[in-house]
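One structure below.
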Amino acid sequence: MANTILVGAQWGDEGKGKIIDYLTDEADIVVRSQGGNNAGHTIVHGKEKFVLHLIPSGILRRGKTCVISNGVVVDPIALVAEIKGLRDRGVKVGGNLLLSDCAHLVMPWHRLLDEQREKHQGKNKIGTTKRGIGPAYGDKAARTGLRVGDLLDAKTFTAKFNRRLRENNAVLRSLGAKPVSAASTMRDYLAAADVLRPFITNTVVYLHEAMKQGKHLLFEGAQGTFLDLDHGTYPFVTSSNTTAGGACTGSGVPPHRMDTVMGVMKAYTTRVGEGPFVTEDNTVTSLLHSMGREFGATTGRARRCGWFDAVATRYASMVNGIDEIAITNLDGLDNVPALRVCTAYRLNGKKLDYPPTDATDWERCEPIYTDFPGWMKDTSGIREFSKLPLNARRYARALTDLTGAKLRIVSVGAGHDETIRL
Ligand code: IMO
Ligand code: MG
């Protein structure tokens, strides 16, 4: 396998974890290059279910190396808990995990500020995961952040920590929130530093050395295209570049070393949190929820659901340079007699092939649908594309034709084997 970037082509939760796990067979190194523990990537191995937040989804496989690179924001307490959780279940986490010294730290004040800002925004809230992601990236851009490398020396860390604590506690007090306790937080962070020390390294140099040895890299995107800070439904986005370019800046692997971009998209659309969602549909939402599907892996929130939005995925294909497509959750539509796909938007009487850039305009768009007959058959046991019901094949082909890339994978269940390769 060539170096592959895997991106979410919708609003996150596309089933990236499952596809990464599937593709890990052919890769040597799995890299997370943006986002933090706002991500929730679910992998099902046999009867066991794992949800990963910061650690790349390759960790369950022997002989693969996982890299948390410079573009990720790392909550060290959450990372230590994730490592422990995996070890407790017999998963090896040692020399197979590397953590960039340049990755920024999520601090307790980031989490509290995230919560406070959401509270003060009232009905204009973003609906964040409250993991402190926005404030951590904010400090990175403002050049006031602490980095993983700072954890290596207790004295440096203490000095930087105290400087940042003063300012952030003043802000927290002004918002009417309780300030962060210096002593206990410092203790927790220094304890986490001791656990993380062996993993910390210059991951840029590591990745380049690995490429010289012919190793294949798989970049595990977190979130999705329309949560991208630049290309998403701003301000209802996350604070990193979730699109393909983010894999380069977030890892130090240059664009010309990337060979393939795979876009992962659900056979329908979901979004969790606030913001525009043109194809949102209560019937689809109720149906999927009644099947026990579409509850968040990170926050447990019920996801908003709707029809497939090909206007969005067409744009995603363009902005990421998607060459290959993985459609997931096709089985989620097994019991839907009639399906709809949004092929264009209408705004102020005009037909649009691409979404507008302004979230308020986007909110006002109306979907123009093409209808497809359902297949009303259980697809979860099918392993060959040609064995899928004709209507399911037509539907999957239509989604990819409308998006403009090659269909490579169709997922019909959470398990590794519930996969159709084309
Ligand atoms: P994975 O990797 C779906 C959403 C939040 C909110 C917005 C901003 O599992 O696909 P943040 O906490 O990042 O500041 O929240 O982004 N969001 C996600 N939605 N999947 C995710 O990750 C998400 N990570 C963040 O719900 O709307
Ligand atoms: Mg998720």
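Quick one: plug the Kirkwood hydrodynamic radius of segment 196-282 (C-alpha pairs) into Stokes-Einstein at 37 °C, 0.692 mPa s, and report D in µm²/s. Answer, rounded: 214 µm²/s. Considering only alpha-carbon pairs that sit under 8 angstrom and 6 or more positions apart, the relative contact order computed for the chain is 20 percent.
Extension gain, R197 to K84: 0.36 nm times the residue separation minus the Cα-Cα distance gives 39.2 nm.
Share of pairwise Cα-Cα distances greater than 19 Å in segment 265-421 is 55 percent (whole percent).
Summarising the label geometry, the points placed 7 Å from Cα in the beta-carbon direction at R257 and N335 lie 4.8 nm from one another. To the nearest ten degrees, helix 154-174 and the longest principal axis of the Cα atoms of the chain are 70 degrees apart. Only Lys, Arg, Asp and Glu carry charge here, each on its Cβ (+1 for the first two, -1 for the last two); on that basis the chain has a dipole of about 780 debye about its Cα centre.
Highest-first packing order for the peptide set 361-368, 146-153, 126-133 is 126-133, 146-153, 361-368, based on the mean count of other beta carbon atoms within 10 Å. Close amide-amide hydrogen proximity is noted between E274 and G127, each under 5 Å apart and 5 or more residues distant or on a separate chain (H modeled in the peptide plane; Pro and chain starts excluded).
Given all pairs of different Cα atoms, what value in angstroms does the Kirkwood hydrodynamic radius of segment 1-97 take?
Details: mean 1/r = 0.0734 Å⁻¹.
It is 13.6 Å.
Gain on full extension, evaluated as 0.36 nm per residue between A170 and V51 minus their Cα-Cα distance, stands at 39.3 nm. Highest mean packing comes first when the peptides 208-215, 50-57 are listed by Cβ atoms within 10 Å, giving 50-57, 208-215.
What is the sum of charges, Lys and Arg at +1 and Asp and Glu at -1, for the other residues whose Cβ falls under 13 Å from the Cβ of P135? Overall, the nearby charge balance is 0. Placing pseudo-labels 7 Å out from each Cα toward the beta carbon at D361 and N348 gives an inter-label distance of 0.7 nm.
Translational diffusion of the chain, estimated by Stokes-Einstein from the Kirkwood radius over alpha carbon pairs at 25 °C in a medium of 0.890 mPa s, is 112 µm² per second. Charge dipole (Cα centre; +1 on Lys/Arg Cβ, -1 on Asp/Glu Cβ; no other charges) of segment 265-421 amounts to roughly 260 debye.
Helix 182-196 and the longest principal axis of the Cα set of the chain meet at an angle near 70°. Overall shape of segment 104-196 was characterised from the C-alpha gyration tensor. The equivalent ellipsoid obtained from it has semi-axes of 24, 14, 12 Å, in decreasing order.
Between 0 and 90 degrees, rounded to the nearest ten: what's the tilt of helix 108-121 against the longest Cα principal axis of the chain? Helix 108-121 and the main axis of the chain meet at about 50 degrees. Within segment 313-400, the percentage of alpha carbon pairs spaced more than 21 angstrom apart rounds to 44%.
Could you rank the peptides 307-316, 413-422 by their average count of other C-beta atoms within 10 Å per residue, with the highest value first?
On the way: 307-316: 25.6, 413-422: 16.7.
In decreasing order of mean packing, 307-316, 413-422 become 307-316, 413-422.
Here the extension length gained between A141 and Q213 equals 22.5 nm, from 0.36 nm per residue of separation less the Cα-Cα distance. Only helices enter the 222 nm calculation for the chain: every DSSP H run of n ≥ 4 contributes -39,500 (n - 2.57), and dividing by all residues gives -10000 deg cm²/dmol, rounded to 500. In this label model, L152 and K92 are separated by 2.6 nm, measuring between points 7 Å along each Cα→Cβ vector.
Read the figures in this text as sums done on the coordinates, not as results from a lab. Because the structure is a prediction, the values reported are computed rather than measured. Neighbour counts run over all protein chains shown; Cβ positions are idealised from the backbone, glycine included.
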